[in-house]
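**Student:** Below are the structure tokens for one structure; questions will follow.
Read-outs: derived from the displayed coordinates by stated rules, not from any lab. These numbers come from a predicted model, not from an experiment. When we count neighbours, we look across all protein chains shown, and the Cβ atoms used for this are built from the backbone with ideal geometry, even at glycine.
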Amino acid sequence: MQMNYPETLSYLYAQLPVFESQGAHAYKPGLERCEVMDDLLGHPHRRYRTIHVAGTNGKGSTSHLLASILQSAGYRVGLFTSPHLVDFSERIRVDGQPIDQQYVVEWVEKWAPRDTVSSDADHSLMRFQPSFFELATMMAFCYFAEREVDVAVIEVGLGGRLDSTNIIRPVLSIITNISFDHTQFLGNTLPQIAAEKAGIMKQGVPCIIGECEDERVRFTFEQNAQLRQVSELIFACDLRQIPWVRHHTFYNIYETADDGTLQCPLCGDCQPRNANTVITAVHQLRSLGFDIPQQALQCGFRDVVTLTHLRGRWETLQTNADGSVRVLCDTGHNPGCFAYLGPQLMALHNANHPLQIVFGMVSDKDIETVLRMLPPSQTADPVVNYYWCNAPTPRALPASELAEKAASVGLHGQVFSSIGDALDAALQQPGIVFVGGSNYVVCEALSRF
């Protein structure tokens, strides 16, 4: 008897190592399993062009912006990203629409069946003992081929060199930036992390580096580009495609060097750098034969949320009666993200807004560094209150431990066992409520609003 969609996902979660919930125990580096599975599936990713996007932060925004622009230019576009916030189907999209749930059910029944006795065991991908992400990658490649996409934007899961997605040969590689995250897998220095990300470089394929302020990292990229014989290494940060930015409450306006005025609803302080990377990528895609008119570039930026359904990037979830911001969220979860989010929150406070910050993190992040970047607790008006909560994952740092770490750096607040209770308490107070620290915490807020 065939499983339904919820049963199928439950089966996969139960049978496969899932990094989002299990952390290091579920991480399976290496391409051997994916290469064998890809061969069994008939190399579906070879039936369309691909763009490969890696980086510590910003790769999700970059991937969604590129997909939106290509959709606006008339291409049929696949988009593979991770993790999902609310439902698995968010990871795999064609022209912004999530993967059909029945396709997930039938694909699993065919390639990763629960009943291997009555099915062809040699046909099952489960015999290779894949991780959840590896199987999702294979599913995405098959779905894009069957939906006959023209191009697919593929976001790296973790790292680059040993990531499951690295079996593709893209027309363009992009590395957004390098900062500290997943150091237990990628290395303890920025050059080590850069070398792992540089693993997506391919012979004869141009590669764009979005941000690169560290000369050691630049040297690492240049060495790897030469070693891997990329056709062209482009540092977008050197090109300054966006010399002027105006920040509004609900969008950014970019005055570009060559592409006129662009408006974008992704209004976090980090987004101008992502936009600079994307514009550089569009110029490169044009040189590779992609027909991307100016209007498509403008529409892609303006309509990225509508076209791709990107969520959780300095997103306003609720407004007051006068249209001002009431509830904000952001999925940033490491020091590289909070280098932008911390000052952005402080700017709200400096604008005389009381801040109610609902916050939870997973235990394998650099928690102390992130906490030091947050606005200090303040009881005088405008106040800054913290509501510590448990991210709903086995990897979560218990809220009580988070509160202890926070207190050691001068941040004080209340402890809650659930995100819902923390949010209810925050909403009873005046000012702006910010929800963040982890994808899992933001997921709860998105589900509620």
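**Student:** For residue 36 and residue 404, what does the FRET efficiency come to when R0 = 45 Å and r is the distance between their Cβ atoms, rounded to the nearest 0.05?
**Tutor:** Numbers: r = 46 Å, r/R0 = 1.03.
With a Förster radius of 45 Å, E is 0.45.
**Student:** Report the extension gain between residue 238 and residue 162 in nm, rounded to one decimal, defined as 0.36 nm multiplied by the number of residues separating them, less their alpha carbon distance.
**Tutor:** Working: separation 76, 0.36 × 76 = 27.36 nm, distance 2.84 nm.
The residue 238-residue 162 span can extend by a further 24.5 nm.
**Student:** Which one, 195, 96, 79, projects farthest toward the positive side of the charge dipole computed for the chain from Cβ point charges (K/R +1, D/E -1)?
**Tutor:** Working it through, the farthest residue towards the positive pole turns out to be 195.
**Student:** Please work out the Cα convex hull volume for the chain and give it in Å³ per residue. Working shown, then result.
**Tutor:** Values: hull volume 63.6 nm³, N = 449.
Looking at the chain, the number lands at 142 Å³ per residue.
**Student:** If the chain between residue 291 and residue 227 were fully stretched, how many nm would it gain, using 0.36 nm times the residue separation less the Cα-Cα distance? Each step should come with its number before you reach the end.
**Tutor:** Values: separation 64, 0.36 × 64 = 23.04 nm, distance 3.12 nm.
Here the segment from residue 291 to residue 227 would lengthen by 19.9 nm.
**Student:** How many angstrom separate the Cα center of region 391-449 from the Cα center of region 234-284?
**Tutor:** That distance is 32 Å.
**Student:** If I model a spin label as a point 7 Å beyond the Cα along the Cα-Cβ vector, how far apart are those points for residue 318 and residue 251 in nm?
**Tutor:** That separation, rounded to one decimal, is 2.6 nm.
**Student:** Let me know the Kirkwood hydrodynamic radius for region 270-354, please, with Cα pairs as the basis and the value in Å to one decimal. Don't skip to the end; give the middle numbers.
**Tutor:** On the way: mean 1/r = 0.0648 Å⁻¹.
Roughly 15.4 Å, rounded to one decimal.
**Student:** Between residue 368 and residue 95, what is the label-to-label distance in nm when each label sits 7 Å out along the Cα-to-Cβ direction?
**Tutor:** About 5.2 nm separates the two model spin labels.
**Student:** Give the calculated FRET efficiency between residue 129 and residue 102 to the nearest 0.05, with a Förster radius of 35 Å applied to their Cβ-Cβ distance.
**Tutor:** On the way: r = 26 Å, r/R0 = 0.75.
Given R0 = 35 Å and the Cβ-Cβ separation, E is 0.85.
**Student:** In the chain, which whole DSSP H runs stretch at least 18 Å along their own axis (Cα) and average 0.0 or higher on the Kyte-Doolittle scale? If you can, show how the numbers build up before the last one.
**Tutor:** Numbers: long enough: 59-72 (19 Å, 0.20); 132-146 (21 Å, 1.18); 215-228 (19 Å, -1.16); 271-287 (24 Å, -0.57); 335-350 (22 Å, 0.42).
Counting only whole DSSP H runs, the qualifying helices are 59-72, 132-146, 335-350.
**Student:** Oh, and also: Hey, what number do you get for the chain at 222 nm if only DSSP H runs of n ≥ 4 count, each worth -39500 (n - 2.57), divided across all residues, to the nearest 500? Write down the numbers at each step before the final one.
**Tutor:** On the way: 18 runs with 177 residues, N = 449.
My calculation for the chain gives -11500 deg cm²/dmol from helical runs alone.
**Student:** Can you give the translational diffusion coefficient of region 41-80 in µm²/s, computed by Stokes-Einstein from the Kirkwood radius over Cα pairs at 37 °C and 0.692 mPa s? Numbers along the way, then the final one.
**Tutor:** Working: Rh = 11.4 Å.
My calculation gives 288 µm²/s for D.
**Student:** Using 1/(1 + (r/R0)^6) with R0 = 25 angstrom and r between the beta carbons of residue 350 and residue 421, what's the FRET efficiency to the nearest 0.05?
**Tutor:** On the way: r = 29 Å, r/R0 = 1.17.
Calculated transfer efficiency: 0.30.
**Student:** Taking all pairs of different Cα atoms in region 315-448, averaging 1/r and flipping that mean, what Kirkwood radius in angstroms comes out?
**Tutor:** Working: mean 1/r = 0.0694 Å⁻¹.
14.4 Å is the Kirkwood radius here.
**Student:** What is the gain in length, in nm to one decimal, between residue 47 and residue 7 on full extension, counting 0.36 nm per residue of separation less the C-alpha to C-alpha distance? If you can, show how the numbers build up before the last one.
**Tutor:** Working: separation 40, 0.36 × 40 = 14.40 nm, distance 3.07 nm.
Separation in residues times 0.36 nm, less the Cα-Cα distance, equals 11.3 nm.
**Student:** Kirkwood hydrodynamic radius (Cα pairs, Å) of region 56-144?
**Tutor:** Numbers: mean 1/r = 0.0697 Å⁻¹.
Hydrodynamic radius (Kirkwood, Cα pairs) of region 56-144 is 14.4 Å.
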